[in-house]
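First up is the structure itself, then whatever we jot down about it.
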Amino acid sequence: MPVALVKVIDKTPEWLDPVAGRFSSEPDAAYRTFLAHSITVLEQWMASHNKGDAHASLAAQFGVDYLPAAGPLPAVLVEGPASKVPKLAFQPADLQVEMTPIPASTVGSVIDRELPRGVIDLVHGLGDRIRLLLAIPDLDYRPNLMDLPQRDTALEDELFHREEAASLAWKEWWRQWQLLFGGLATDGLKMAQASTLVDRPRDAATFRNDLVAQRRLTLGDDSLPLPEPYASHLLAPHAVSGSAKVEAPVAPAEQLLQQRGDLRSSIQTLEADLDESYRLLNEMNDYLGLQRQQLDSLTVSFSALAGGVAGDGSGSSMMRWNGSAAFDPNAIDTTKG
């Protein structure tokens with residue numbers, strides 16, 4: 001029985017694999033030994049490579065001419081398996097590649113069934129077809145897992161209508177907020193314990209575009225095509241039936257708390273003016289009182305001068321005459337001794 005497998009190029013041994021040269025006593029032992037050898041080669045390749053070379057063939061990358069009909073393949077050779085066109089990190093010039101999901105628990109049975117079919121020729125261009133089976137945890141597996149997701153237009157309609165209802169509710173709330181608190185400064189808003197003026201909800205189209213942009217960021221490479229349904233959202237945006245655009249709200253002309261503050265300021269100004277007017281009136285009243293006291297003193301003096309008594313009117317009459325009377329002093333004769 002062979003005890004080792006030797007690769008010879010130009011009569012020079014390249015490597016010796018003692019595992020690949022030992023056949024176990026079971027059906028299809030040769031194929032299983034070849035599978036074990038291939039797994040060893042792939043593990044060594046994985047240990048020395050972070051990812052595959054998209055410009056090299058599998059034969060050039062692995063250093064082998066054949067692969068078993070069934071077995072593992074490094075996951076780094078497939079980028080974006082969920083995208084519309086997965087990117088393969090090897091040159092499949094002679095290969096046709098398909099992808100399909102299977103439950104992880106069935107991987108062993110698939111290998112057992114497919115392994116005896118022979119080998120995959122990587123160098124002679126025989127047009128072999130490789131089917132990449134993606135092992136999915138049993139609880140996450142479903143038969144249509146790799147199908148391109150269909151757009152849920154009913155859900156999009158519902159999202160747009162809910163956004164429309166939210167925008168209408170926000171518009172009315174914003175108008176009521178402006179009616180109460182519009183025009184108030186920061187201190188006035190704090191005193192009134194006004195709620196925070198929130199921004200308008202994002203419209204559904206903007207929200208959808210944000211989701212598409214976030215998905216593109218996860219791809220890491222702008223050259224990679226967007227998977228579905230993100231690509232359709234950009235190429236053919238869904239037109240929602242019966243959706244009306246909510247216009248921007250207009251601030252009401254009346255702003256109650258500001259009007260109350262303006263009226264309060266006006267009232268305080270009027271009260272200050274009234275206080276000043278009362279003060280001036282009191283001063284004028286005091287001045288008139290002093291004038292009356294002075295007049296009374298004069299009339300009493302004139303009454304005594306007229307030979308009357310206080311309060312008989314003679315003093316007042318003399319004061320009226322005094323305005324038109326002319327007092328000429330008598331000439332003094334200086335010749336008399």
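When residues of the stretch 29-69 are filtered for being crowded, with 16+ Cβ neighbours inside 10 Å, in contact with a helix residue (DSSP H, G or I) (Cβ under 6 Å, 6 or more places away or on another chain) and charged (D, E, K, R), how many remain?
Residues meeting the conditions: 0.
Using the structure shown, decide if residue 70 is modelled with pLDDT of 85 or more and either under 20 Å from residue 145 (Cα atoms) or assigned by TED's automatic domain parsing to the domain that holds residue 43 (or both).
Details: modelled with pLDDT of 85 or more: yes; either under 20 Å from residue 145 (Cα atoms) or assigned by TED's automatic domain parsing to the domain that holds residue 43 (or both): yes.
Answer is yes for this residue.
Looking only at residues in the stretch 133-153 that are at pLDDT below 85 and surrounded by 12 or more Cβ atoms within 10 Å (Cβ to Cβ), which one is farthest from residue 66 (Cα to Cα)? Spell out how you get there, then give the answer.
Initially, the stretch 133-153 is screened for residues at pLDDT below 85, giving 143-153.
With the extra rule that they be surrounded by 12 or more Cβ atoms within 10 Å (Cβ to Cβ), the set shrinks to 145-146, 148-149, 151-153.
On the way: 145: 30, 146: 28, 148: 33, 149: 36, 151: 42, 152: 45, 153: 48 Å.
Of everything passing the filter in the stretch 133-153, 153 is farthest from residue 66 (Cα to Cα).
Give me the pairs, please: first residue somewhere in the stretch 149-169 and under 15 Å from residue 203 (Cα atoms), second residue anywhere and of a type in the set (Phe, Trp, Tyr), beta-carbon distance under 9 Å, and either six or more positions apart or on two chains.
159/207; 163/207
Where the second residue is part of a loop (DSSP other than H, G, I, E, B) and of a type in the set (Gly, Ala, Ser) and the first is free of Cβ contacts under 8 Å to residues at least 60 places away in the same chain and lies in the stretch 178-203, which pairs have Cβ atoms under 9 Å and are six or more apart or on separate chains?
From the stretch 178-203, the pairs are 200/248.
In the stretch 86-200, which strands (runs of 3 or more DSSP E) lie fully inside it and hold 3 or more residues that are β-branched (Val, Ile, Thr)?
Result: 96-103.
Mind listing just one residue for me: the one in the stretch 5-26 that is out of contact with any helix residue (DSSP H, G or I) (no Cβ under 8 Å at 6 or more places or on another chain) and modelled with pLDDT under 75 and, of those, nearest to residue 62 (Cα to Cα)? Break it down stepwise before answering.
Just the residues of the stretch 5-26 that are out of contact with any helix residue (DSSP H, G or I) (no Cβ under 8 Å at 6 or more places or on another chain), to begin with: 6-16, 18, 25.
Then drop every residue that is not modelled with pLDDT under 75, which leaves 18, 25.
Details: 18: 19, 25: 28 Å.
Taking the candidates together, the pick is 18.
Any residue at all in the stretch 216-227 that is assigned to a loop (DSSP other than H, G, I, E, B), in the same structural domain as residue 170 (by TED's automatic domain parsing) and of a type in the set (Lys, Arg)? Write out each step before concluding.
Taking the stretch 216-227 as the starting set, the residues that turn out to be assigned to a loop (DSSP other than H, G, I, E, B) are 220-227.
Still in the list and also in the same structural domain as residue 170 (by TED's automatic domain parsing): 220-227.
Restricting the remaining residues to those that are of a type in the set (Lys, Arg) gives none.
No: zero hits.
The values are calculated or read from the model by the stated rules, or taken from the named source; none is laboratory data. Quick caveat: nothing in here was measured; it's all calculated off a predicted structure. Here the Cβ is made from the backbone with ideal geometry for all residues, glycine too, and neighbour counts use every protein chain on show.
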